[in-house]
Amino acid sequence: MPETPHRSLLQTHGSEVNRSGELEVLVLVAERGSLSAAARQLDLSPSAVSKTVSRLEARLGVQLLQRSTRHLQLTAEGAQLVEQGKRLLADLDALEARVAARSAPQGVVRITASTSTGQLLLVPKVPQLLEQHPGLELELLFSDPVVDLVAEGIDIAIRWGQLPSSDMVARRLGCTRQVIVGAPDYLARHGVPLHPQELQTHRRMGWSYPRAIPHWPFLVEGQRVMVDAGEVLRVNDGDVLRSLAVAGAGLARLSLFHAWKDLEAGHLQVVLEDFNCGDLEPIHAVYLGKPDRLPPRTRAVLDFLQAHVDLRHAELLPAPWQA
């Protein structure tokens, strides 16, 4: 049998008898050939090991070991108990391993997110997630329209913005600042707007979602002002909107999270930041069901995302990125 008697199962509590612990000690004594060697393996004193064997002998009413100052030998009864005990302990180890495997995260987890969020937030984390939980299988469904979790059999959805009242439960992953951006080439051709009123002379781009807000908020002289966006170009995909802004098609209101890499590379610049309301858009991982009854596979993914998604950089705007 493998060297497994490290379970600290030697103590008894009241009248309870720790039979598996006593059996493990006897097996280890037989394998090591001495009480002291078994004691070292168990990180116990030789007297504690000797008392455990004596307690087992007293309970069974037979001698299991023949001891002398130099030698230790199993009796016939002791040899029989050790031989069958090894099989019993091996079966116990196998049973515990099977139960532990069932409780470990395994199986398919279906996750949905918008295309841009999936590419930027989920894809970079997938290798580490699968490395940490090798029993998981993932199905990633990237689509900008909001999907029905029940109808599509979705376990987790990554959602932006304030969540409506529903049966879904949410875990907040972070939040991101909203900024007005344009490509340097566009701004060179059309000028940099210095006040929200100047947006009327610019091409604005926005969303074609039914739930899209048809105005952009600004802070003007301490008052929150809603400016009609009046978009001349509307799309239903975040990556497409960002790409159009980079291509110089017009101005867009994007999350700092989505625009970050293009701002770093100088492909986009932020405008009208002096009038930014500082609104932060939350990002949640949402799911259906009660938190205390989640399958281990779903809980593992939620715990991982909450621990490893860091959006703090998307809350503040570095000064050099402003036009």
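The values are calculated or read from the model by the stated rules, or taken from the named source; none is laboratory data. Here the structure is a predicted model, which is why all the values come from computation and not from measurement. In this analysis, Cβ positions are derived from the backbone assuming ideal geometry, glycine residues included, and neighbour counts consider all displayed protein chains. Accessible surface areas use protein heavy atoms only, side chains included; no ligands, DNA or RNA. Shrake-Rupley method; radii C 1.70, N 1.55, O 1.52, S 1.80 Å.
Key figures for this structure:
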| item | result |
| --- | --- |
| Test: residue in the range 181-203 that is touching a helix residue (DSSP H, G or I) at 6+ places or on another chain (Cβ under 9 Å), open to solvent by 50 Å² or more (accessible area, probe 1.4 Å) and either in a strand (DSSP E or B) or closer than 22 Å to LEU163 by Cα (or both) | no |
| Test: residue in the range 29-39 that is part of a helix (DSSP H, G or I) and either over 24 Å from ASP93 (Cα atoms) or of a type in the set (S, T, N, Q) (or both) | yes |
| Those residues of the range 262-317 which are farther than 30 Å from PRO196 by Cβ and open to solvent by 60 Å² or more (accessible area, probe 1.4 Å), in sequence order | LEU288, LYS290, PRO291, ASP292, ARG293, PRO296, ARG297, ARG299, ASP303, GLN306, ALA307, ASP310 |
| Some residue of the range 297-308 being within 20 Å of GLN106 (Cα to Cα), touching a strand residue (DSSP E or B) at 6+ places or on another chain (Cβ under 7 Å) and of a type in the set (D, E, K, R) | yes |
| Residue match in the range 154-166 (condition: more than 23 Å from the chain's Cα centre (by Cα) and either of a type in the set (A, V, I, L, M, F, W, C) or on the phi > 0 side of the Ramachandran plot (or both)) | no |
| Residues within the range 102-133 that are open to solvent by less than 20 Å² (accessible area, probe 1.4 Å) and among the β-branched types (Val, Ile, Thr), tallied | 4 |
| Selection within the range 136-162 - loosely packed, with under 14 Cβ neighbours inside 10 Å and within 22 Å of ARG293 (Cα to Cα) | GLU137, GLU139, ASP148, VAL150, ALA151, GLU152, GLY153 |
| Residue in the range 72-84 that is surrounded by fewer than 18 Cβ atoms within 10 Å (Cβ to Cβ) and either of a type in the set (Lys, Arg) or touching a Phe, Trp or Tyr at 6+ places or on another chain (Cβ under 9 Å) (or both) present | no |
| Any helices (runs of 4 or more DSSP H) falling wholly within the range 42-141 and containing at least 2 residues that are β-branched (Val, Ile, Thr) | 46-60, 76-103 |
| Matching entry among MET226, MET205 (being under 26 Å from ASP144 (Cβ atoms), at pLDDT 90 or above, among the hydrophobic types (A, V, I, L, M, F, W, C) and more than 37 Å from the chain's Cα centre (by Cα)) | MET226 |
| Scope the range 210-239; condition open to solvent by less than 60 Å² (accessible area, probe 1.4 Å), within 16 Å of GLY250 (Cβ to Cβ) and among the β-branched types (Val, Ile, Thr); matching residues | VAL227, VAL235 |
| Candidate set from the range 190-231 (those that are in contact with a Lys or Arg (Cβ under 9 Å, 6 or more places away or on another chain) and without any contact (Cβ under 8 Å) to a residue 24 or more places away in the chain); member that is nearest to VAL271 (Cα to Cα) | HIS190 |
| First in the range 129-143 and over 18 Å from ALA113 (Cα atoms), second anywhere and open to solvent by 50 Å² or more (accessible area, probe 1.4 Å) and of a type in the set (A, V, I, L, M), Cβ under 7 Å, 6 or more apart | LEU136/LEU130 |
| Conditions (1) farther than 30 Å from LEU149 by Cβ; (2) touching a Ser or Thr at 6+ places or on another chain (Cβ under 9 Å); (3) of a type in the set (S, T, N, Q); number of the one not met by SER45 | (2) |
| Members of the range 243-260 that are open to solvent by 10 Å² or more (accessible area, probe 1.4 Å), in contact (Cβ under 8 Å) with a residue 60 or more places away in the chain and over 15 Å from ARG177 (Cβ atoms) | VAL246, ALA247, ALA249 |
| Filter result for VAL169 (touching a residue at least 12 places away in the same chain (Cβ under 8 Å) and assigned to a strand (DSSP E or B)) | yes |
